[in-house]
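Read the structure below first, then the notes.
The values are calculated or read from the model by the stated rules, or taken from the named source; none is laboratory data. Only a predicted model underlies this, so the values are computations on that prediction, with no experimental measurement involved. All Cβ positions, even for glycine, are placed from backbone atoms using ideal geometry, and neighbour counts span all protein chains on display.
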């Protein structure tokens with residue numbers, strides 16, 4: 001049977017995986033509601049809505065692999081309404097096609113932790129978006145344990161890289177530095193925090209996608225370069241740009257107040273445990289299985305910052 005890889009969503013995860021697969025000579029099918037403007041040559045597209053079961057069935061017909069890289073508006077109310085429906089539809093497609101299915105996931109379900117987070121870390125009870133992620137994790141893991149689907153998840157911490165604009169190390173940090181403006185941080189600048197490099201994430205997804213079916217049914221954590229603080233990473237990017245490493249940081253104590261008038265700040269306050277303490281993800285399992293080596297910050301951060309520098313340069317396209 002010929003390979004048919006269906007990638008749901010073309011945000012940073014879907015785009016980076018597509019680029020990786022194309023470099024390997026493979027041609028995935030991209031699906032979301034609207035056709036992306038920057039699809040690589042030879043990559044096909046089919047419109048679908050992940051909340052429409054019939055549309056999901058149609059686009060996955062004959063699939064050998066399904067990759068879930070979708071996202072919804074950063075709203076607890078939207079997540080509660082949309083994620084269970086989307087997961088139900090995707091699991092139905094995975095059952096009917098027997099496709100190997102990989103979920104590009106986050107780590108919200110663990111809630112607040114005070115040490116390194118591994119695949120065996122128990123979930124902390126926390127409402128809002130973490131509760132939604134726990135619920136959909138239970139959905140797919142139950143189906144996988146029953147043998148109904150061949151599915152795994154790669155759980156990824158905050159990520160960065162060229163083209164990742166909506167990131168803690170994206171437009172508001174390196175985009176502003178490239179323009180000669182202070183970086184703006186919602187996170188505390190001196191709290192250690194793990195960040196994964198998006199090309200590394202794509203490489204990990206491609207490896208997991210090609211595992212034999214017997215090795216599916218697992219959760220994998222994305223490894224990152226040794227933990228640094230946002231301030232240290234901003235300094236690396238500023239040096240590459242030849243700009244001063246100026247930072248404007250929003251005090252965490254102001255988030256509840258700002259949330260009274262700005263819904264997005266209210267949503268961030270719900271997730272404050274990601275930044276009010278050191279945040280370290282244990283990716284040893286994936287590193288050991290594949291001999292996986294991550295890109296050092298000394299390489300990834302300058303490349304990310306300079307991608308903004310090219311845009312900010314006079315006369316740049």
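Some values worked out for this structure:
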quantity	calculated
Test: residue in the range 96-108 that is more than 30 Å from residue 242 (Cβ to Cβ) and out of contact with any strand residue (DSSP E or B) (no Cβ under 8 Å at 6 or more places or on another chain)	yes
Test: residue in the range 5-19 that is free of Cβ contacts under 8 Å to residues at least 24 places away in the same chain and in the same structural domain as residue 213 (by TED's automatic domain parsing)	no
Which numbered condition residue 292 fails, given (1) over 20 Å from residue 229 (Cα atoms); (2) assigned to a helix (DSSP H, G or I); (3) within 21 Å of the chain's Cα centre (by Cα); (4) at pLDDT 80 or above	(2)
Residues being under 24 Å from residue 164 (Cα atoms), modelled with pLDDT of 80 or more and surrounded by fewer than 16 Cβ atoms within 10 Å (Cβ to Cβ) - total across the range 251-286	3
Enumeration of residues in the range 44-63 that are assigned to a loop (DSSP other than H, G, I, E, B), without any contact (Cβ under 8 Å) to a residue 40 or more places away in the chain and out of contact with any helix residue (DSSP H, G or I) (no Cβ under 6 Å at 6 or more places or on another chain)	47, 52, 61
Out of 33, 27, sole residue that is part of a loop (DSSP other than H, G, I, E, B) and at pLDDT 95 or above	33
Criterion violated by residue 73 - all others in (1) closer than 14 Å to residue 9 by Cβ; (2) in contact with a helix residue (DSSP H, G or I) (Cβ under 9 Å, 6 or more places away or on another chain); (3) in contact (Cβ under 8 Å) with a residue 12 or more places away in the chain; (4) assigned to a loop (DSSP other than H, G, I, E, B) satisfied	(3)
Any hit, the range 1-13, residues being loosely packed, with under 15 Cβ neighbours inside 10 Å and modelled with pLDDT of 95 or more	yes
Selection status of residue 120, part of a helix (DSSP H, G or I) and modelled with pLDDT of 95 or more	no
Residue in the range 75-88 that is surrounded by 15 or more Cβ atoms within 10 Å (Cβ to Cβ), touching a strand residue (DSSP E or B) at 6+ places or on another chain (Cβ under 7 Å) and in the same structural domain as residue 212 (by TED's automatic domain parsing) present	no
Breaking point among (1) over 22 Å from residue 293 (Cα atoms); (2) in contact with a helix residue (DSSP H, G or I) (Cβ under 8 Å, 6 or more places away or on another chain); (3) not assigned by TED's automatic domain parsing to the domain that holds residue 22, for residue 217	(3)
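Results for (1) free of Cβ contacts under 8 Å to residues at least 12 places away in the same chain; (2) part of a loop (DSSP other than H, G, I, E, B); (3) within 21 Å of the chain's Cα centre (by Cα), shown as yes or no for each residue.
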residue: 154; (1), (2), (3): no, no, yes
residue: 187; (1), (2), (3): no, yes, yes
residue: 190; (1), (2), (3): no, yes, no
residue: 203; (1), (2), (3): no, no, yes
residue: 207; (1), (2), (3): no, no, yes
residue: 231; (1), (2), (3): no, no, no
residue: 234; (1), (2), (3): no, no, yes
residue: 238; (1), (2), (3): no, no, no
residue: 248; (1), (2), (3): no, no, no
